[in-house]
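Undergrad: Below you will find the structure I want to go over with you.
The values are calculated or read from the model by the stated rules, or taken from the named source; none is laboratory data. Bear in mind that the values here come from a model prediction, so they are computed numbers and not experimental data. All accessible areas refer to the heavy atoms of the entire protein, side chains included, with ligands and DNA or RNA removed. Shrake-Rupley method; radii C 1.70, N 1.55, O 1.52, S 1.80 Å.
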Amino acid sequence: LQGPRYISPAPNGGFVVSEECGDVKVFTSSRKLLCSLSSKYRHRFGNPAGVCVDVEGSILVADEQHRTVHLFPEHGSPVCLVSAGLRRPVGMACSSFGHLFVADAGENCVKVFKYRVRPP
């Protein structure tokens, strides 16, 4: 890893790590590299920070430099969930009810978003 920053467990026993170098890596339960999100999705991160994995196995990443939150589904293209209203998104967590909690260090608060309309 190159400058690991934030980490989150994944439902399959693996984990996800954001790196200072501008990438997010996914590891299996046996600690083997599964993929790099920037390579798999051809996505360019500015400064990935907080990461979390939802109940459907999608990976959510807060990008501190771009001030966004993207969802990376297991299959399909990335979706930008939050593109406005964040000054410096860092830590993140998601609930089983489709709520996304983002620690915004630029405004010294936690912002809550609903990102899923289907019930869990």
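Undergrad: Calculated from DSSP H runs of 4 or more alone, at -39500 (n - 2.57) each and per residue, what is the 222 nm mean residue ellipticity of the chain, nearest 500?
TA: -500 deg cm²/dmol
Undergrad: Whole number in Å², please: accessible area per residue of the chain, 1.4 Å probe, ligands, DNA and RNA not counted.
TA: 55
Undergrad: Continuing with the same structure: Shape verdict for the chain, please, from the Cα gyration tensor: rounded (a/c under 1.5), prolate (a/b greater than b/c) or oblate. If you can, show how the numbers build up before the last one.
TA: Working: a/c = 1.57, a/b = 1.16, b/c = 1.35.
Oblate shape, in that a/c is at least 1.5 and b/c is the bigger or equal ratio.
Undergrad: What is the set of long-range amide H partners of residue 14 at a cut-off below 5 Å, with H atoms built 1.01 Å from backbone N?
TA: For residue 14, the qualifying residues are 29.
Undergrad: Over the chain, what percent of the accessible surface lies on carbon and sulfur atoms, probe 1.4 Å?
TA: Details: 3380 of 6590 Å².
Within the chain, the accessible surface is 51 percent carbon and sulfur.
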